[in-house]
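One structure is given below, encoded as structure tokens.
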Amino acid sequence: MSEETIFTKIINGEISSEKLYEDDQCICIRDISPQAPTHILLIPRKPIPRLADASEEDKALLGHLMLKAGDIAKELGVDDAFRLIINNGANAGQTVFHLHLHILAGKAFSEGMV
Ligand code: AMP
């Protein structure tokens, strides 16, 4: 069995964190090393390592995360301009192998993707 990630420890309460939102499927916390004035992580409770590891059975969960990202952006007053990022794999910058969505806002983004 693979080792628990830091996000599983946060979800299980082994590491304390301030949760901005939580429900039976996901939690939402502030990123410890923010890359924008608003930098939020939306993390499914289910420890799917990478987006590419999700399967058909995760369809509803993935939809839930997308809808919650929009709701949380609205709640934080940044729904006018935010960026949603999923890093998939070490070469794409993924460092924690427990699927998570970055919600970034509060800075000027360039028109391109990178
Ligand atoms: P990624 O590079 O896409 O895997 O993103 C992992 C993110 O988790 C990074 O932006 C880290 O700053 C963030 N992170 C790591 N540990 C913690 C923690 N204990 N609390 C909140 N965010 C964390």
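We did not get these values from a lab; they are worked out from the coordinates using the rules stated. It should be emphasised that the depicted structure is a prediction, and the values quoted were computed from it without experimental measurement. Cβ atoms come from the backbone with ideal geometry, glycine included; neighbour counts cover every protein chain shown.
If exposed GluC sites (Glu not before Pro) are those in a DSSP loop with at most 14 other Cβ within 10 Å, what is the longest stretch of the chain that has none?
Value returned for the longest uninterrupted segment is 19-110.
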Angle between the chain longest axis and helix 59-75 axis [Cα atoms, degrees, rounded to 10]: 40
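Run the dipole for the chain about the Cα centre, Lys and Arg Cβ at +1, Asp and Glu Cβ at -1, nothing else charged, and hand back the magnitude in debye, nearest 20.
In total the dipole reaches around 240 debye.
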Segment Ala90-Asp24, extension gain: residue separation times 0.36 nm, minus the distance between their alpha carbons: 20.9 nm
Residue order, fewest to most surrounding Cβ atoms within 10 angstrom, among Ser33, Ser17: Ser33, Ser17
Footprinting exposure proxy for Val96, Val114, Val78 (fewest neighbouring C-beta atoms within 10 Å first): Val114, Val96, Val78
Ordering of 83-92, 60-69 by packing [mean C-beta count within 10 Å, highest first]: 60-69, 83-92
Contact order relative to length of the stretch 61-114, as percent, for alpha carbon pairs under 8 angstrom and 6 or more apart: 33
Likely footprinting exposure, Ile32, Ile6, fewest C-beta neighbours within 10 Å first: Ile32, Ile6
